[in-house]
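> Pasting a structure here, questions to come.
The values are calculated or read from the model by the stated rules, or taken from the named source; none is laboratory data. Quick caveat: nothing in here was measured; it's all calculated off a predicted structure. Here the Cβ positions follow ideal geometry from the backbone for every residue, glycine too, while neighbour counts run over all protein chains shown.
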Amino acid sequence: MAEHPAYPVGLRLSGRHVVVLGGGQVAQRRLPALIAAGADIVLVSPEATPSVEAMAEAGEITWQQRSYTEGDLAEAWYALIATNDPGANAQASAEAERHRVWCVRSDDADRATAWTPATGHSEGVTVAVLTTEARGRDPRHTAAIRDAVVAGLRDGTLVAPHHRTRTPGVALVGGGPGDPDLITVRGRRLLAEADVVIADRLGPRDLLAELPPHVEVIDAAKIPYGRYMAQEAINNALIEHAKQGKSVVRLKGGDPFVFGRGMEEVRALAEAGIPCTVVPGISSSISVPGAAGIPVTHRGVAHEFTVVSGHVAPDDERSLVDWPSLARLTGTLVILMGVDKIGKIAETLVAHGRSPKTPVALVQEGTTAAQRRVDATLATVADAVRDEDVRPPAVIVIGEVVRVGPGPAA
């Protein structure tokens, strides 16, 4: 058999009897894929790892807690032999051969009738990489090829054109806090497949430079207190391009639904009959403090954190925030879009019970190369913003967690 290459094929195991011999690390790695394939799995092993045992307790597999005996493979369609007993492995492999059961052996691939490829998944596609010759098999090499292909499909660097007609629509993509590497895998793939991208200023701009020349990029330019594209105009642009049969990505900073007006766009698209996919993003409310060395919660320090929009002052009649209640909380307070209102916010919190010595950190341009951190207290934060010329976008963290980490870089 070693003179001929393996024949690649996909097995449809749903509802079919599969036997796994051995409950160790090999079974622990292979069982999830067999479970996902819908196989009727019987595990034969005296012992199992905690993870494999949990699969049995959950009813995902049937565990016969004993050693292999002749006849275990008689009714199987597929078998995985992975015990630590070479004699039992050889005996089971011989039984599989007699019953014409395709059999994988973890201890001796050359004597197996089937090999397990290195597999990965990307949006409905399974990538399987298989060494075609028994001699010189290098599992690490095949796994590296698998990883490279899957990574390319996921991040859009390896683009396979769709030959079936795509359903036009809009993907509402959260781009994360700013670092282009922090967009989700799915978000990056959809961005790579887009015909039109409508981007916010706070979206990861570096990703736009990677787009092919044919992609139309529309700058929503939602600059605070500056030039902006009205929300209605954004909604209309999304609808117009989608109705032209184009794949549209609305690229937003952070997460679309965290002070991002994402639901307004979803509603407008629904009313126009345009299908919309929402791709969550990493919110700056937790990622930016983390990047600056500040945990929003910490054992013995803060058991909760609250995220608040600071785009209107506490004494503004438009404010929906219960500032007196926030002042009484002992956990972490994270404020977005509040740089120019932080003086008034700090005064209000102190007036309602927060100590003026409460530590405050302002993290500007978080997760990007321009990130910087300014530390202060509620009593001094207004002066710190002015003296240090802190500008948006900046995330403000208020609470004792500010002192937990190593502090700002020297």
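> Can you tell me which residue among A346, A394, A302, A379 is more than 21 Å from F259 (Cβ to Cβ) and without any contact (Cβ under 8 Å) to a residue 60 or more places away in the chain? Give the derivation first.
Working: A346 fails: more than 21 Å from F259 (Cβ to Cβ); A394 fails: more than 21 Å from F259 (Cβ to Cβ); A302 fails: without any contact (Cβ under 8 Å) to a residue 60 or more places away in the chain.
Unique residue meeting the criteria: A379.
> I've got another one for you. Name every residue in segment 359-380 that is out of contact with any Pro (no Cβ under 7 Å at 6 or more places or on another chain) and under 20 Å from V321 (Cα atoms), in order of residue number.
V360
> Further question on the same structure: Look at G281 and say whether it is on the phi > 0 side of the Ramachandran plot and either at pLDDT 95 or above or part of a helix (DSSP H, G or I) (or both).
Details: on the phi > 0 side of the Ramachandran plot: no; either at pLDDT 95 or above or part of a helix (DSSP H, G or I) (or both): yes.
Taking the combined requirement at face value, the residue does not satisfy it.
> Looking at the structure I just gave you, is A128 at pLDDT below 95, surrounded by fewer than 17 Cβ atoms within 10 Å (Cβ to Cβ) and among the aliphatic types (A, V, I, L, M)? Quick ask: steps written out before the conclusion?
Details: at pLDDT below 95: yes; surrounded by fewer than 17 Cβ atoms within 10 Å (Cβ to Cβ): yes; among the aliphatic types (A, V, I, L, M): yes.
Criteria met by A128.
> Going through A48, A118, A39 one at a time, which residue ends up being touching a residue at least 24 places away in the same chain (Cβ under 8 Å) and either within 24 Å of P139 (Cα to Cα) or in contact with a Pro (Cβ under 7 Å, 6 or more places away or on another chain) (or both)? Break it down into steps so the answer makes sense when it comes.
Numbers: A48 fails: either within 24 Å of P139 (Cα to Cα) or in contact with a Pro (Cβ under 7 Å, 6 or more places away or on another chain) (or both); A39 fails: either within 24 Å of P139 (Cα to Cα) or in contact with a Pro (Cβ under 7 Å, 6 or more places away or on another chain) (or both).
Step by step, each of A48, A118, A39 is checked, and only A118 is touching a residue at least 24 places away in the same chain (Cβ under 8 Å) and either within 24 Å of P139 (Cα to Cα) or in contact with a Pro (Cβ under 7 Å, 6 or more places away or on another chain) (or both).
> It is to be established whether one or more residues within segment 61-70 are surrounded by fewer than 15 Cβ atoms within 10 Å (Cβ to Cβ), out of contact with any His (no Cβ under 8 Å at 6 or more places or on another chain), under 18 Å from I35 (Cα atoms) and not acidic (D, E).
yes
> Further, regarding this structure: Just to check your reading of the model, which residue among R166, R189, R205, R140 is crowded, with 18+ Cβ neighbours inside 10 Å, under 26 Å from the mean Cα position of the chain (by Cα) and either basic (K, R) or modelled with pLDDT under 85 (or both)? Even if it seems obvious, please write down each step before you answer.
Details: R166 fails: crowded, with 18+ Cβ neighbours inside 10 Å; R205 fails: crowded, with 18+ Cβ neighbours inside 10 Å; R140 fails: crowded, with 18+ Cβ neighbours inside 10 Å.
After applying the criteria, what remains is R189.
> Before we move on, is L362 farther than 30 Å from E264 by Cα and either touching a strand residue (DSSP E or B) at 6+ places or on another chain (Cβ under 7 Å) or assigned by TED's automatic domain parsing to the domain that holds R189 (or both)? So that I can check it myself, show each step before the final result.
Values: farther than 30 Å from E264 by Cα: no; either touching a strand residue (DSSP E or B) at 6+ places or on another chain (Cβ under 7 Å) or assigned by TED's automatic domain parsing to the domain that holds R189 (or both): yes.
The answer is no for L362.
> Let me ask something additional. Which is more than 29 Å from the chain's Cα centre (by Cα), assigned to a loop (DSSP other than H, G, I, E, B) and either closer than 30 Å to L238 by Cα or among the hydroxyl-bearing types (S, T, Y) (or both), of S319, S325? Walk me through it before giving the result.
Details: S325 fails: assigned to a loop (DSSP other than H, G, I, E, B).
Result of the check over S319, S325: S319.
> Moving on to the next point. For segment 387-410, give me the residue count where each residue is within 12 Å of D340 (Cα to Cα) and not in a strand (DSSP E or B).
5
> Next question. Whether any residue in segment 53-60 is touching a strand residue (DSSP E or B) at 6+ places or on another chain (Cβ under 9 Å) and not in a helix (DSSP H, G or I) is what I want to check.
The answer is yes, given that some residue of segment 53-60 is touching a strand residue (DSSP E or B) at 6+ places or on another chain (Cβ under 9 Å) and not in a helix (DSSP H, G or I).
> Next question. Of the conditions (1) part of a helix (DSSP H, G or I); (2) touching a residue at least 40 places away in the same chain (Cβ under 8 Å), I234 fails just one. Which one is it?
(2)
> Taking segment 258-292, which residues are crowded, with 16+ Cβ neighbours inside 10 Å and over 21 Å from the mean Cα position of the chain (by Cα)? Break it down stepwise before answering.
First pass over segment 258-292, keeping only residues crowded, with 16+ Cβ neighbours inside 10 Å: 258-260, 262, 265-266, 268-269, 272, 274, 276, 278-292.
Scanning segment 258-292 gives E265, V266, A268, L269, A272, I274.
> I've got another one for you. Listed residues I286, I294; which is within 22 Å of D389 (Cα to Cα) and either without any contact (Cβ under 8 Å) to a residue 40 or more places away in the chain or of a type in the set (A, V, I, L, M) (or both)?
Details: I286 fails: within 22 Å of D389 (Cα to Cα).
Matching residue, one of I286, I294: I294.
> Looking at segment 314-357 only, could you name the residues that are among the small types (G, A, S) and either in contact with an Asp or Glu (Cβ under 9 Å, 6 or more places away or on another chain) or not assigned by TED's automatic domain parsing to the domain that holds A382 (or both)?
Taking segment 314-357 and keeping what is among the small types (G, A, S), we get 319, 325, 327, 331, 338, 343, 346, 351, 353, 355.
G331, G343 - these are the residues of segment 314-357 that are among the small types (G, A, S) and either in contact with an Asp or Glu (Cβ under 9 Å, 6 or more places away or on another chain) or not assigned by TED's automatic domain parsing to the domain that holds A382 (or both).
> Now for a separate question. Among the residues of segment 237-257, write down those that are assigned to a strand (DSSP E or B), among the small types (G, A, S) and closer than 19 Å to L211 by Cα.
Of segment 237-257, the ones assigned to a strand (DSSP E or B) are 247-252, 254.
Remaining after also requiring among the small types (G, A, S): 247, 254.
The one that is assigned to a strand (DSSP E or B), among the small types (G, A, S) and closer than 19 Å to L211 by Cα: S247.
> Can you pull out the residues in segment 371-386 that are among the small types (G, A, S), over 22 Å from S287 (Cβ atoms) and outside any loop (DSSP other than H, G, I, E, B)?
First, the residues of segment 371-386 that are among the small types (G, A, S): 376, 379, 382, 384.
So of that shortlist, the ones also over 22 Å from S287 (Cβ atoms) come out as 379, 382, 384.
The answer is A382, A384.
> Name the single residue, out of those in segment 1-48 being farther than 14 Å from Y78 by Cα and among the acidic types (D, E), that is surrounded by the most Cβ atoms within 10 Å (Cβ to Cβ).
For segment 1-48, the residue satisfying everything is E47.
> Would segment 285-305 turn up any residue that is at pLDDT 95 or above, touching a strand residue (DSSP E or B) at 6+ places or on another chain (Cβ under 7 Å), part of a helix (DSSP H, G or I) and among the hydrophobic types (A, V, I, L, M, F, W, C)?
yes
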